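Here's the structure, in structure tokens; my notes come after.
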Ligand code: ADP
Ligand code: MG
């Protein structure tokens with residue numbers, strides 16, 4: 001379904017138009033009449049004329065084809081109105097009316113009805129409970145907001161209507177323009193996925209910004225955004241960083257993985273730039289709308305004051321950018337005109353005694369240096385320094401080079417005029433050098449995203465249904481939880497597990513012990529126990545001749561600690577003991593995004609340290625590598641201070657296999673491989689916990 005006529009209609013009807021002052025239907029009508037050049041049809045059965053226009057009793061009476069209907073009638077008659085719209089072949093509607101999902105169960109039902117109807121009839125519906133839609137390209141203000149937006153190349157959507165009106169007023173004040181401006185409302189039909197797809201193919205939208213509270217079609221979102229962000233940057237604020245459903249989790253992964261981790265992973269994987277604040281949203285949007293990403297992260301800084309230069313240099317580190325190393329040629333050039341007190345190396349401090357011409361020369365030398373891919377122009381007010389002239393120098397530079405350039409001409413009144421001309425020239429300027437660096441980092445981030453290669457998923461797990469069969473057998477036997485008895489499933493998946501065997505009596509244990517010449521690990525085998533070591537059900541470093549003795553001790557100990565006489569103990573697992581670093585690979589199923597894979601350093605401290613990374617499954621080899629490399633403790637795995645490098649390829653493979661397993665079997669709710677013990681020779685699973693839905 002095309003949304004072209006939603007944003008570029010020739011004819012618009014306002015259903016529920018009114019003459020009553022302050023009535024939403026009246027505000028929408030007036031806004032349309034103010035801006036829109038196409039035809040406007042007020043609909044109201046109780047009026048002949050409104051604001052000088054002929055009024056119709058129903059949309060079905062309008063003698064022309066209506067491209068877009070704005071609906072502002074009470075919630076209970078919205079469905080009837082939609083039916084009339086359908087009769088009149090109107091295929092784009094904006095439902096402004098409130099009184100739906102946002103008011104509770106009754107409203108939710110109504111919303112379901114209108115959503116189902118619109119979807120069924122192929123009607124593109126924005127809302128309900130929305131402020132409306134602005135599209136500056138067609139002078140369309142189909143909202144009840146008090147203002148029209150300025151034209152621009154940013155398209156913006158917001159799930160909060162109140163936020164829309166606030167942003168609109170502020171944006172007009174600071175001169176920020178929009179191409180499309182959409183209040184999503186309750187998203188009964190059209191949502192962010194539809195809009196980013198539409199705006200990607202819209203040549204007047206260069207950047208997509210959004211404020212979202214939730215995404216319902218998680219996997220569709222990822223799939224769509226992945227494509228869109230290759231050509232159009234998307235920056236989003238997602239509010240509500242609460243932990244969803246964590247308290248009920250039975251696994252480590254489930255405890256750590258909240259829905260916010262899923263959003264974080266999904267945004268990251270689909271190339272969406274996520275920001276935390278409104279300030280960042282619009283700083284990022286503004287610079288992305290004006291300038292192109294630099295080649296790499298190397299920044300040249302020019303300043304006339306030491307302090308701001310240091311602040312900027314620090315900020316480069318914070319935002320993962322680098323100070324460029326100037327070439328000898330640049331250093332020579334700088335030496336020709338800079339005073340001996342000036343700093344020639346990056347950041348160049350031309351000192352407060354320098355004039356505008358020195359600034360221009362310094363700036364040009366930096367810009368021309370092949371090592372520099374973007375430029376930060378800082379300045380503090382100085383007696384012999386005219387800010388408007390500096391602004392002119394920056395604007396000229398912006399016109400002539402295609403390296404990003406950001407200003408921090410610091411000051412208030414003194415910088416106001418410069419600020420204005422920089423805005424016109426497309427050079428963002430901030431008081432705070434740190435904020436300037438942050439804005440620049442958005443360009444670099446987007447450059448990285450555009451360079452990204454999305455690898456196809458190589459299927460690593462067996463195609464046949466052996467695994468499904470085994471899992472359902474175990475579900476039948478052990479209810480919803482599967483423990484070490486599931487190790488053989490992992491083997492089928494091609495995941496290396498440590499060798500082990502169950503002894504069902506101490507005499508059987510004695511027999512098995514003969515196989516071993518070095519210490520082993522004993523683990524209690526019981527369907528009733530989730531955390532074995534908590535109740536004395538794990539003993540490491542047991543000498544082979546002690547196995548049978550420790551068998552009896554463990555069974556006694558566990559019975560005593562468990563305090564449930566009906567506990568079933570099947571025996572004791574004798575497991576080869578391995579030496580290495582403990583890691584965890586886990587899965588948690590997110591309601592919106594599906595299986596979320598977690599990787600981190602494992603063992604008992606995993607929940608405490610939370611040094612973990614997440615991705616939405618399935619993950620490619622490259623993504624699995626990124627997961628491993630992105631934890632803080634990665635150097636520990638790589639080998640620091642004489643420690644040896646562990647088998648990272650082995651971990652990367654396990655992550656991929658687990659992610660494919662979780663996608664294949666929707667009944668997996670939670671899965672922990674914790675720990676996997678990894679050393680230079682390989683990674684092997686020693687413990688497993690899986691929770692299934694029936
Ligand atoms: P649970 O998580 O149920 O308490 P685990 O099987 O994970 O039981 O064992 C607890 C801890 O014992 C592990 O984190 C690890 O430190 C150690 N351990 C378990 N199995 C082995 C093994 N095969 N080799 C070495 N250490 C082990
Ligand atoms: Mg464990």
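Please report the relative contact order for segment 1-113, taking Cα pairs under 8 Å with a sequence separation of at least 6, and give it as a percent rounded to a whole number. Working shown, then result.
Working: 196 pairs, mean separation 27.9, N = 113.
Answer for segment 1-113 is 25 percent.
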Taking only the alpha-carbon atoms of segment 551-623, what semi-axes of the equivalent ellipsoid follow from 5 times the gyration tensor eigenvalues under a square root, in whole Å, largest first? 34, 17, 13
Relative contact order, percent, of segment 282-345 when contacts are C-alpha pairs under 8 Å separated by at least 6 residues? 27 percent
Per DSSP H run of n ≥ 4, the term is -39500 (n - 2.57); total these for the chain, divide by its residue number, and report the mean residue ellipticity at 222 nm rounded to 500 deg cm²/dmol. -11500 deg cm²/dmol
Calculate, for residue 507 and residue 540, the FRET efficiency according to 1/(1 + (r/R0)^6) with r their C-beta to C-beta distance and R0 25 Å; round to the nearest 0.05. 0.65
Using a simple spin-label model with points 7 Å from Cα along the Cα→Cβ vector, what separation in nm is obtained for residue 451 and residue 329? 2.2 nm
Antiparallel bridges, percent of DSSP beta bridges restricted to the chain (to nearest 5): 50 percent
Quick check: the distance between the Cα centres of segment 59-122 and segment 518-590, to the nearest angstrom? 61 Å
Can you tell me the 0 to 90 degree angle between the C-alpha axis of helix 356-368 and the longest principal axis of the chain, rounded to 10? 50 degrees
Of the listed peptides 303-309, 333-339, what is their order by residue-averaged count of other C-beta atoms within 10 Å, with the highest listed first? 303-309, 333-339
Determine the gain in length on full extension of the stretch residue 608-residue 1; use 0.36 nm per residue of separation and subtract their C-alpha separation, reporting nm with one decimal. 213.7 nm
Measure nothing fancy, just the Cα-based angle from helix 433-451's long axis to the longest principal axis of the chain, in degrees from 0 to 90, nearest 10. 70 degrees
Can you tell me the convex hull volume per residue for segment 100-232, based on C-alpha atoms, in Å³ to the nearest whole number? 111 Å³
What are the radius of gyration and Dmax of the chain, computed over its Cα atoms and given in Å? 31.7, 101
Inter-label distance for residue 693 and residue 568, nm, one decimal - labels placed 7 Å from Cα along Cα-to-Cβ: 2.5 nm
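In percent, what relative contact order does segment 410-509 have, based on Cα pairs under 8 Å that are 6 or more apart in sequence? Could you put the intermediate results ahead of the total?
Numbers: 31 pairs, mean separation 16.3, N = 100.
About 16 percent, as a whole number.
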Can you order the peptides 644-652, 666-674 by their average number of other Cβ atoms within 10 Å per residue, highest first? 666-674, 644-652
Here the residues of segment 134-167 lying in the modelled label zone of residue 51, meaning backbone nitrogen under 17 Å from a point 7 Å along Cα-to-Cβ, are 134-136, 138-149
For 496-502, 202-208, ranked highest to lowest by mean beta-carbon neighbours within 10 Å, the order is 202-208, 496-502
In a Debye calculation with equal point scatterers on the alpha-carbon sites of segment 1-127 and no solvent, what is log10 I(q)/I(0) at q = 0.09, 0.10, 0.14, 0.17 Å⁻¹? -0.23, -0.28, -0.56, -0.83
Does a label point 7 Å from the Cα of residue 530, set along Cα-to-beta-carbon, have any residues of segment 589-616 with amide nitrogen under 16 Å, and which are they? 589, 607
Residue separation times 0.36 nm, minus the C-alpha to C-alpha distance between residue 499 and residue 60: what's the value? 150.5 nm
So for the pair residue 21, residue 560, with labels modelled 7 Å out along Cα→Cβ, what separation do we get in nm? 8.5 nm
With r defined as the distance between the Cβ atoms of residue 518 and residue 173 and R0 fixed at 60 Å, what FRET efficiency is calculated, to the nearest 0.05? 0.20
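Could you list 252, 180 so that the one with the fewest beta carbons within 10 Å of its beta carbon is first and the one with the most is last?
252, 180
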Between residue 431 and residue 317, the FRET efficiency computed from the C-beta separation at R0 = 22 Å comes out, to the nearest 0.05, as 0.60
Hey, what angle do you get for helix 78-87 against the long axis of the chain, alpha-carbon based, 0 to 90 degrees rounded to 10? 70 degrees
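Rule-based calculations on the coordinates, nothing more; no lab input. As the structure is a computational prediction, the values presented were derived from the model and not from experiment. Every residue, glycine among them, receives a Cβ derived from its backbone with ideal geometry; neighbour counts consider all protein chains shown.
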